[in-house]
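Presented below is the structure to which this report refers.
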Amino acid sequence: MTSKHQVLCMGNAIVDIIARVDDQFLETHGRVKASMMLVDAETSAALYAAMPPAIERSGGSAGNTAAGIASFGGTVGYIGKIHDDQLGTVFRHDIQAAGVSFDTVAASEGAPTATSMILLTPDSQRTMNTFLGACVELTPDDILAEDAGDADVLYVEGYLWDTPSMKASVLKAFDMAIAAGNKVSLSLSDSFCVDRFRDEFVDLVENKVDILFANEDEIKALYQTDTFEEAVDKLRPHVQIAALTRSEKGSVIVSKDGEITVGAFPATVDDTTGAGDLFAAGFLYGYTNGRSLEDCAKLGGIAAAEVISHLGARPEVNLQSLAAEKLGS
């Protein structure tokens with residue numbers, strides 16, 4: 001029996017507002033470089049007023065991953081809450097135009113569609129200031145068995161742990177996927193997110209998650225270690241598959257069969273926004289198409305290298321064609 005989707009992605013539906021700034025701008029406005037900070041509506045508005053000219057693009061971590069999987073040619077769905085407003089219309093159009101199934105009902109009341117003020121410094125680091133807006137309106141009622149229980153892999157971003165309602169929605173989706181015999185995948189999202197929910201994330205990794213995604217800082221934060229190697233040692237007994245990214249050092253895939261190290265693909269770095277999201281896209285596309293873990297990591301690396309070469313967190317070329325060019329298959 002064929003699943004409705006190879007991957008179902010679940011996350012915060014966000015429209016990114018991206019501007020180039022200098023380090024002094026971050027200092028003036030009390031921003032922590034390379035972090036994701038949750039902000040209220042007033043702070044978001046103040047940053048927007050102070051920012052230089054910006055561009056608007058649909059984003060959100062899991063939304064970027066979904067768009068990447070679709071670009072590879074995978075069948076993918078998305079769950080995330082938008083408001084019935086202009087930015088919500090933009091988000092729905094963009095993700096559906098990318099080839100992603102997105103049927104979550106928009107909120108007609110409450111906060112507007114979420115935005116993230118992304119401040120891009122000359123060293124290509126992005127500092128995200130996210131107003132969750134309508135995302136917090138996601139409830140377990142939005143999680144339908146015909147979606148969460150009918151995908152080969154359910155992929156969830158850790159950012160959804162930030163409100164009780166979103167957390168309850170994730171746990172319902174996890175339970176549906178597990179009951180259907182499907183795989184559950186989690187991205188740790190951000191080291192600050194890990195700091196907020198460390199004990200809960202450790203429990204998820206050890207008891208529910210089949211495929212874990214994290215970067216070097218996030219996995220060190222999860223196990224509170226000084227080195228990447230120490231974190232991997234603590235992780236290894238508890239994980240089925242972990243795809244751990246290390247920027248220019250490439251990635252390390254940890255599984256019950258051992259470890260695989262895959263080098264990074266060459267890239268001219270312009271904007272690191274979405275690198276981890278697109279790595280997950282390539283990896284999950286490969287995984288759900290029966291590729292080896294090494295090939296999965298290579299596909300992830302190809303997608304990550306593409307997205308960091310330009311402004312914005314979604315691919316600008318067809319990833320299926322790019323992978324064929326780079327790997328010959």
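Quick note: the coordinates plus some simple rules give every number you see, no bench work behind them. From a predicted model like this one, the values you see are computed outputs, not experimental measurements.
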**OP:** Taking the Cα atoms of region 114-229, report the difference between the largest and smallest coordinate on each principal axis, in whole Å and largest first.
**Re:** 45, 36, 23
Original post:
Under 5 Å between amide H atoms, partner at least 5 residues away or on a different chain: which partners does ARG20 have, H built in plane at 1.01 Å?
Top reply: LEU120
**OP:** Work out from phi, with θ = phi - 60° and the Karplus expression 6.51 cos²θ - 1.76 cosθ + 1.60, the ³J(HN,Hα) of each residue of region 305-317, listed in order in whole Hz, and give x for Gly and Pro.
**Re:** 4, 5, 6, 7, 8, 8, 6, x, 10, 10, x, 9, 10
Original post:
So what's the gap between the Cα centers of region 265-329 and region 161-229, to the nearest angstrom?
Top reply: 22
**OP:** Averaged over every viewing direction, what's the projected area of the C-alpha convex hull for region 1-80? Give it in nm², one decimal, please.
**Re:** 6.6
**OP:** Averaged over every viewing direction, what's the projected area of the C-alpha convex hull for region 166-294? Give it in nm², one decimal, please.
**Re:** 8.4
Subject >> Alpha carbon convex hull of region 183-257, volume per residue in cubic angstrom >> reply: 83
Original post:
Can you pull the Kirkwood radius for the chain, inverse mean 1/r over Cα pairs, to one decimal in Å?
Top reply: 19.5
Original post:
Translational D (Stokes-Einstein, µm²/s) of region 1-46 at 25 °C and 0.890 mPa s when Rh comes from the Kirkwood sum over C-alpha pairs?
Top reply: 173
**OP:** Jot down the per residue volume, in cubic angstrom and as a whole number, of the convex hull over the alpha-carbon atoms of region 13-134.
**Re:** 100
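Could you give me D for region 114-176, from Stokes-Einstein at 20 °C and 1.002 mPa s, where the hydrodynamic radius is the Kirkwood radius over C-alpha pairs? Units µm² s⁻¹, please.
Working: Rh = 13.4 Å.
This corresponds to a translational diffusion coefficient of 160 µm²/s.
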Subject >> For region 271-287, Karplus couplings with θ = phi - 60° (6.51, -1.76, 1.60), whole Hz, Gly/Pro x >> reply: 7, 7, 4, x, 4, x, 4, 6, 4, 4, 4, x, 4, 5, 4, x, 4
**OP:** Pull out the extension gain between GLN24 and THR225, defined as 0.36 nm times the separation in residues minus the alpha carbon to alpha carbon distance; nm, one decimal.
**Re:** 69.3 nm
Original post:
Hey, which of these cross-link pairs are over 29 Å Cα-Cα: LYS33/LYS183; LYS256/LYS298; LYS167/LYS220; LYS33/LYS81; LYS81/LYS220?
Top reply: LYS33/LYS183; LYS81/LYS220
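What number does region 63-161 give for Rg over Rh if you use C-alpha atoms and the Kirkwood radius?
Working: Rg = 14.4 Å, Rh = 14.7 Å.
Radius of gyration over Kirkwood radius for region 63-161 works out to 0.98.
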